[in-house]
């Protein structure tokens, strides 16, 4: 069961919820049919719990949100991008463990 | 750091690891399975598995792995997420460290599998996730109506090429030699596909264009003539084989010339009490069913080893 701390980002809310956010925002580009994406799910949930109030953590479904997927030229998933002040500051392609994500996050907190 | 003690610990959670766990659990050995980042193994990256016995109509790879996991758990296998950071095999009990867990185990079953090899170009690394991929089933979707290249000449390269014709406008297979290593049936299928063409005797010089942030092309050199050319492609799938995941064990276990763990008398490795199964010790068959079979062997071998030790 996905954590309720994980936001759903879309083509429609991306500008408001990600680019104009005051905190860093971690965006997990994923799809239902992607096995590794599902494997990453619990890690994303745990990151949302662990960083509540400091980092906004959410998922963007690439099937349903082609505009943002194209804009950031995401052509492989899972891809996790960290935004700060509307800019890309970090990205991780493929699987990584929670500690590795946290290390990247900590640089921007 | 919490320490747990176990009779049997399994590293890896593909068909080999989960079958080893199932058999150990049914022998009442309460195995601990440490599933790595790539939990479920390579089958998590496949779609339909048509050759696993018992599934008349095939089964999706991730569904098969979920079923294997559930079956092992039903008999008492404990499965934990975690990335093993160190393994000490110098004395029994062996000591495994995974995150905040320290595990002392009488026997170890290694089922860490194999990972896709990369070419090693800086441009390949820079463009990973932005057009360079090792997983056709994950990323084929992004190349609907686009030209792509597949690098490799074995069964898995041609299988990926054929799969990718569902999405791509054209698929160019780039191969270093003048003939494929793939099976005859796979070659016939690939070469008969009107979307697939082949660049023979060619190696990849560069992937374009990291400054653009996405794949725009691939530079090839013909190994016979030395001539270079650039193909405009939007995606590059690298399928040049696999490398066994043995880094954790350093040189403490005997490996063959290509890095695979050497097993003898079933699943025994060069250290008593350490057993290996699945792709980490098999570069020949590499099937879900052979991995599962070898996982069963490792569990039975570990069980007999423990009995002989008076456990």
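Going by the conditions given, is residue B:160 touching a residue at least 12 places away in the same chain (Cβ under 8 Å), assigned to a strand (DSSP E or B) and in contact with a helix residue (DSSP H, G or I) (Cβ under 6 Å, 6 or more places away or on another chain)?
Against the criterion (touching a residue at least 12 places away in the same chain (Cβ under 8 Å), assigned to a strand (DSSP E or B) and in contact with a helix residue (DSSP H, G or I) (Cβ under 6 Å, 6 or more places away or on another chain)), residue B:160 does not qualify.
Has the range B:33-49 got at least one residue that is over 24 Å from residue B:101 (Cβ atoms) and surrounded by fewer than 17 Cβ atoms within 10 Å (Cβ to Cβ)?
yes
Given the residues B:72, B:126, B:91, which is the only one that is buried (at least 24 other Cβ atoms within 10 Å of the Cβ) and either in the same structural domain as residue B:179 (by TED's automatic domain parsing) or more than 26 Å from residue A:30 (Cα to Cα) (or both)?
B:72
Residue under question is residue B:66, and the condition is that it be within 23 Å of the chain's Cα centre (by Cα), within 14 Å of chain A (Cβ to nearest Cβ) and over 24 Å from residue B:284 (Cβ atoms); does it hold?
Judged against the criteria, residue B:66 is a match.
Given the structure, is residue B:26 farther than 30 Å from residue A:99 by Cα and in contact (Cβ under 8 Å) with a residue 24 or more places away in the chain?
yes
I'm checking my understanding of the structure. Among residues of the range B:75-88 that are away from every other protein chain (no Cβ under 14 Å) and exposed (fewer than 14 other Cβ atoms within 10 Å of the Cβ), which one is farthest from residue B:246 (Cα to Cα)?
B:88
Does residue B:235 count as buried (at least 19 other Cβ atoms within 10 Å of the Cβ) and closer than 30 Å to residue A:69 by Cα?
So residue B:235 passes the test.
If you take the residues in the range A:97-109 that are surrounded by 12 or more Cβ atoms within 10 Å (Cβ to Cβ) and touching a residue at least 24 places away in the same chain (Cβ under 8 Å), which one is nearest to the other protein chains (Cβ to nearest Cβ)?
A:97
Find the residue count for the range B:111-136, including only residues that are away from every other protein chain (no Cβ under 12 Å) and under 14 Å from the mean Cα position of the chain (by Cα).
5
Quick one: which of B:253, B:248, B:261 is touching a helix residue (DSSP H, G or I) at 6+ places or on another chain (Cβ under 9 Å) and within 30 Å of residue B:309 (Cβ to Cβ)?
B:261
Here is a list: B:37, B:43. Which entry is within 14 Å of chain A (Cβ to nearest Cβ) and in contact with a helix residue (DSSP H, G or I) (Cβ under 7 Å, 6 or more places away or on another chain)? Explain how you work it out, then say what you get.
Working: B:37 fails: in contact with a helix residue (DSSP H, G or I) (Cβ under 7 Å, 6 or more places away or on another chain).
So the residue among B:37, B:43 that is within 14 Å of chain A (Cβ to nearest Cβ) and in contact with a helix residue (DSSP H, G or I) (Cβ under 7 Å, 6 or more places away or on another chain) is B:43.
Mind checking which residues of the range B:269-290 are out of contact with any strand residue (DSSP E or B) (no Cβ under 6 Å at 6 or more places or on another chain) and either assigned to a loop (DSSP other than H, G, I, E, B) or closer than 20 Å to residue B:29 by Cβ (or both)? First the steps, then the outcome.
First, the residues of the range B:269-290 that are out of contact with any strand residue (DSSP E or B) (no Cβ under 6 Å at 6 or more places or on another chain): B:270-272, B:277-278, B:282-290.
The answer is B:270, B:271, B:272, B:277, B:278, B:282, B:283, B:284, B:285, B:286, B:287.
Yes/no matrix, rows are residues, columns are (1) more than 8 Å from every other protein chain (Cβ to nearest Cβ); (2) surrounded by fewer than 21 Cβ atoms within 10 Å (Cβ to Cβ):
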{"site": "A:34", "(1), (2)": "no, no"}
{"site": "A:42", "(1), (2)": "no, yes"}
{"site": "A:46", "(1), (2)": "yes, yes"}
{"site": "A:54", "(1), (2)": "yes, yes"}
{"site": "A:57", "(1), (2)": "yes, no"}
{"site": "A:72", "(1), (2)": "yes, yes"}
{"site": "A:81", "(1), (2)": "yes, yes"}
{"site": "A:85", "(1), (2)": "yes, yes"}
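Looking at the structure I just gave you, is residue B:168 more than 14 Å from chain A (Cβ to nearest Cβ), in contact with a helix residue (DSSP H, G or I) (Cβ under 8 Å, 6 or more places away or on another chain), surrounded by 14 or more Cβ atoms within 10 Å (Cβ to Cβ) and closer than 21 Å to residue B:134 by Cβ?
So residue B:168 does not fit the description; no.
Considering only residues that are free of Cβ contacts under 8 Å to residues at least 60 places away in the same chain and on the phi < 0 side of the Ramachandran plot, look in the range B:141-157 and name the one that is nearest to the other protein chains (Cβ to nearest Cβ).
Checked the range B:141-157; the qualifying residue nearest to the other protein chains (Cβ to nearest Cβ) is B:141.
From the list B:263, B:290, which one is free of Cβ contacts under 8 Å to residues at least 40 places away in the same chain and surrounded by 22 or more Cβ atoms within 10 Å (Cβ to Cβ)?
So the residue among B:263, B:290 that is free of Cβ contacts under 8 Å to residues at least 40 places away in the same chain and surrounded by 22 or more Cβ atoms within 10 Å (Cβ to Cβ) is B:263.
The values are calculated or read from the model by the stated rules, or taken from the named source; none is laboratory data. Since this is a predicted model, take the numbers as computed values, not measurements. Counting neighbours? That spans all protein chains shown, and the Cβs are built from the backbone with ideal geometry, glycine included.
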